[in-house]
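Have a look at the structure below before the remarks.
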Amino acid sequence: MVLTLFASQDAWTDAAHWMQNKGADARLHVRSSAPVRRALVEIDLSPIPPGTCVSAAVLDLNVTNTGAASRTYEARALSAAWTAAAVTWQGRERGVLWSSAGGDLGSATALAPIGGSNVGVMTWDVTSDVAAILAREAPNNGWIIKDRSEGSGAVEYQFAALAGTNMAARPRLLVTVAACP
């Protein structure tokens with residue numbers, strides 16, 4: 001059975017406007033440089049029944065604006081909680097800074113090329129992250145989407161966000177589940 005879970009919160013951050021909150025925008029921005037921008041997405045996993053085995057989990061973002069060149073984007077689990085209404089490049093919640101500017105990131109869970117014919121829906125395989133969250137081995141703070149080669153190219157892609165008008169295009173997680181053996 002495949003469960004479709006939509007984002008519970010999303011935002012984007014901008015290194016040049018490091019104190020501005022972008023948690024109510026209709027689009028999520030990811031940019032490689034001048035300035036670097038990153039998208040954050042969190043999805044509530046509580047609808048997945050306890051004791052369920054996950055065989056696949058894919059994070060989907062719908063591309064709304066394409067960049068001028070192909071890039072590779074990483075999905076990285078966030079290691080600290082954040083709030084869409086307060087998150088910035090510097091801070092994750094009101095009065096609480098990230099340990100490192102731009103977000104407290106885990107290692108890259110998944111990579112996805114974007115550009116050329118690969119536009120429409122971007123997907124990242126986050127099965128290992130979801131399994132770890134459900135096993136209570138990791139917190140569910142969502143993911144950050146960033147350019148793999150930050151600092152080069154000044155290329156930006158944009159994605160549909162929760163605040164956008166097309167509800168079907170908002171960020172989502174497709175989780176394939178079954179009863180555990």
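Just so it is clear, none of the values below were taken in a lab; they were calculated from the coordinates. This one's a predicted model, so the numbers in the text were calculated from it and none came from an experiment. Cβ sites come from the backbone with ideal geometry, for glycine too, and all protein chains shown count toward neighbours.
Scanning the stretch 148-181 for residues that are part of a loop (DSSP other than H, G, I, E, B), more than 18 Å from K22 (Cα to Cα) and hydroxyl-bearing (S, T, Y) yields S149, S152. The set of residues from the stretch 91-105 being more than 21 Å from A161 (Cα to Cα) and surrounded by fewer than 17 Cβ atoms within 10 Å (Cβ to Cβ) comprises R94, G95, V96, L97, S99, S100, A101.
Applying the condition of being part of a strand (DSSP E or B) and touching a residue at least 60 places away in the same chain (Cβ under 8 Å) to the stretch 92-134 and asking which residue is nearest to G153 (Cα to Cα) yields M122.
Of the residues making up the stretch 74-90, those that are surrounded by 19 or more Cβ atoms within 10 Å (Cβ to Cβ) and outside any strand (DSSP E or B) are W82, A84, V87, T88, W89. The residue of the stretch 167-181 that is surrounded by the fewest Cβ atoms within 10 Å (Cβ to Cβ), among those that are closer than 16 Å to G120 by Cβ and in contact (Cβ under 8 Å) with a residue 40 or more places away in the chain, is L174.
Taking A75 as meeting all but one of (1) over 29 Å from T165 (Cα atoms); (2) in contact (Cβ under 8 Å) with a residue 60 or more places away in the chain; (3) touching a Phe, Trp or Tyr at 6+ places or on another chain (Cβ under 6 Å); (4) of a type outside the set (S, T, Y), write down the number of the exception. Result: A75 passes all but (1). Restricting the stretch 7-55 to residues that are hydroxyl-bearing (S, T, Y) and crowded, with 20+ Cβ neighbours inside 10 Å, which is nearest to the chain's Cα centre (by Cα)? Filtering first and then ranking leaves T13.
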